[in-house]
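Derivation of every value follows stated rules applied to the coordinates shown; laboratory data play no part. Model, not experiment: these values are computed from the prediction. Note that each Cβ is placed from the backbone with ideal geometry, even for glycine, and that neighbours are counted across all protein chains shown.
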Amino acid sequence: MKILVINCGSSSLKYQLFDMTSETVMAKGICERIGIQGSALTHKPSGKDSCVVEKDMPDHKVAVQMVLDMLVDPVHGVIADVKEISAVGHRVLHAAQKYIESIVVNEDVKATVRECFDFGPLHNPANLIGIEACEHAMPGVKNVAVFDTAFHQTMPEKAYMYAIPYEYYEKYGIRKYGFHGTSHAFVSKKAIEVAGLDKDNSKVIVCHIGNGGSCSAVLNGKCVDTSMGLTPLEGLIMGTRSGDIDPAAVQFIANKEGKDINEMVEILNKKSGILGISGVSSDFRDVTKASKEGNHRAEVALEAFAYRVAKYVGSYVAAMNGVDAIVFTAGVGENDAPMRARICKYFTYLGITIDEEANDKFRGVEGTISTPDSKVKVMVIPTNEELKIAQETLELVK
Ligand code: ADP
């Protein structure tokens, strides 16, 4: 069975075609600058040369059709007929409290995605356009929505409720939702398998740290807390996002600088985090280089980042009354061994010891970086959100 996975952003569309018999990627690619001048499709078929097609893509409908044409292209294609695609899995950002699992798209699902436009103004509209474009291009083929928020819907009220007047929760659904759910689900499940834990008696903390970042506490295979909130702005320090901050600081800056609330949130989303503190870059590689060259602000940014992750992990140890495994994933978590070491130095109170050689060795690959006698297993597990979306899609349509 072949499953197409689609991840639509406001001006982009990423795709991967999976052969689910072997769970391998047959082709993947990205359409960029959709609706903007200079749009292009970069297609990477497995075992063949990559190619770039520069062609006007006024909207996602055109982009989806270009992807399908490319998949059956006599030279660059990997299938003979679009009819070989059994189903399409879509990454969808926000479903608020409606869906706790992935679901085959029907009119109700589309209505929910639409109702959540306010919660994900950049992503949800694009996600819906992607779904409708696939319905149009592949009539009769099932579309499955896989929500970033779904895995976190098992959080108890005490974890998701903000301590603000309750009417805002009732009127607008203002609460913690959490994101990166597909990744947290995939990685925590894998961690339970790799560490040989009993799922029904397991305590796992996942640190998904990339440009965006979030930690989650997974008790007996279910999420009980996560660091992102109503939006992806809460929690960890990220590439360009502030994470947690005193809301009164935002008011103070707004008053001093004559900015409105929307401008402030933009600053907290796009100009803060590692970039804001260091003044160098949002990319950890650049900031690490600057720190090594003696840039004090770069060093502070990296240590503040590590400290915030360590504090979240500590709070989740408390939330679950213990921990069996701590897992690092995503761009920084999988590759940045020095950052993992920085974070793990805060964990000696848990009886954790890190095998420095192993930590240095595992970059972008799965491995255990704690020593055999460490009280808690610390692991690197590469995330694979697209495969998880394909697996969930297969599960619902087979
Ligand atoms: P997102 O999906 O949130 O955009 P990723 O998970 O792809 O982000 O992570 C991107 C970040 O990972 C980059 O900003 C970069 O700082 C970091 N990164 C990637 N590779 C490395 C590496 N080899 N060493 C250090 N940092 C890395």
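Quick notes on this one:
- Globularity ratio of the stretch 1-130, using Cα Rg and 2.2 N^0.38 Å: 1.08
- Placed amide H near S10: partners under 5 Å, 5+ positions off or other chain: none
- For q = 0.18, 0.23 Å⁻¹, Debye-computed log10 I/I(0) when each Cα of the stretch 254-328 counts as one equal scatterer: -0.83, -0.94
- For the stretch 1-68, the Cβ-based charge dipole about the Cα centre amounts to some 40 debye (Lys, Arg positive; Asp, Glu negative; other atoms uncharged).
- Over the stretch 249-306, Cα pairs under 8 Å with separation of 6+ residues give a relative contact order of 24 percent.
- Our Cα-only numbers for the stretch 62-151 put the radius of gyration and Dmax at 14.1, 45 Å.
- Treating r as the C-beta distance of S46 and S315 and R0 as 35 Å, the FRET efficiency rounds to 0.25.
- Mean projection of the Cα convex hull over all viewing directions, computed for the stretch 132-195: 7.3 nm².
- The calculated FRET efficiency for the pair E303 and D198, based on their C-beta separation and a Förster distance of 45 Å, comes to about 0.80.
- Largest first, the three principal axis extents of the alpha carbons in the stretch 83-223 are 44, 43, 28 Å in whole numbers.
- Semi-axis lengths, Å, the stretch 101-159, gyration tensor of Cα atoms, sqrt of 5 times eigenvalues: 24, 14, 8
- Non-local lysine pairs in the stretch 110-265, meaning eight or more places apart or on different chains, with alpha-carbon distances under 19 Å, amount to 14.
- The average projected area of the chain, computed from the convex hull of its Cα atoms over all directions, is 21.2 nm².
- Choice from G351, G213, G89 showing the highest fluctuation, given a GNM over the chain with Cα pairs closer than 10 Å: G351
- Between the stretch 1-43 and the stretch 338-366, the C-alpha centres lie 34 angstrom from each other.
- Couplings 3J(HN,Hα) of the stretch 383-398, computed from phi: 7, 8, 5, 5, 4, 4, 4, 5, 4, 5, 5, 4, 4, 7, 10, 6 Hz, in residue order, whole Hz [Karplus 6.51 cos²θ - 1.76 cosθ + 1.60, θ = phi - 60°; x for Gly and Pro].
- Multiplying the residue separation of A358 and A248 by 0.36 nm and subtracting their alpha-carbon distance yields 35.3 nm.
- Value of D in µm² per second that Stokes-Einstein yields for the stretch 262-385, Kirkwood Rh from Cα pairs, at 20 °C (1.002 mPa s): 139 µm²/s
- Cα centre as origin, Lys/Arg/Asp/Glu Cβ charges: the chain dipole, Debye: 480 debye
- Compared with the alpha-carbon gap, the fully stretched path from A341 to Y168 is longer by 58.2 nm at 0.36 nm per residue.
- Listed residues Y346, V224, M238: farthest to the positive end of the dipole of the chain (Cβ charges): Y346
- Here the 3J(HN,Hα) profile of the stretch 317-330, calculated from phi with Karplus coefficients 6.51, -1.76 and 1.60 at θ = phi - 60°, is 4, 5, 4, 9, 6, x, 7, 9, 8, 10, 10, 9, 8, 6 Hz, Gly and Pro shown as x.
- Considering only alpha-carbon pairs that sit under 8 angstrom and 6 or more positions apart, the relative contact order computed for the chain is 14 percent.
- Binning all Cα-Cα separations of the stretch 318-358 at 5 Å, short to long from zero, yields these whole-percent fractions: 6, 17, 31, 25, 15, 6, 0.
- Its Cα gyration tensor gives the stretch 154-300 an equivalent ellipsoid. The semi-axes, each the square root of 5 times an eigenvalue, are 30, 25, 10 Å from largest down.
- In this simple spin-label approximation, D108 and D56 carry label points 7 Å from Cα along the Cα→Cβ vector, and these lie 4.2 nm apart.
- Judged by the mean number of other Cβ atoms found within 10 Å, the most tightly packed of the peptides 101-111, 232-242, 268-278 leads the ranking 232-242, 268-278, 101-111.
- Loop-located GluC sites (Glu not before Pro) in the stretch 291-394 whose Cβ has at most 12 other Cβ within 10 Å (DSSP): E293
- Taking the C-alpha atoms of the stretch 157-234, convex hull volume expressed per residue in Å³: 88 Å³
- 3J(HN,Hα) along the stretch 173-182, derived from phi through the Karplus expression 6.51 cos²θ - 1.76 cosθ + 1.60 where θ = phi - 60°, amounts to x, 6, 6, 7, 10, x, 9, 6, x, 4 Hz, with x in place of Gly and Pro.
- Residue with peak Gaussian network fluctuation, the chain [Cα springs, cutoff 10 Å], from Y168, Y177, Y160: Y168
- Mean Cβ count within 10 Å, highest first, over the residues of peptides 68-80, 249-261, 317-329: 317-329, 68-80, 249-261
- Chain lengthening between F117 and K271 when straightened (0.36 nm per residue, less Cα-Cα): 53.1 nm
- Inter-part distance where the stretch 200-222 and the stretch 251-304 are each reduced to a Cα centre, Å: 26 Å
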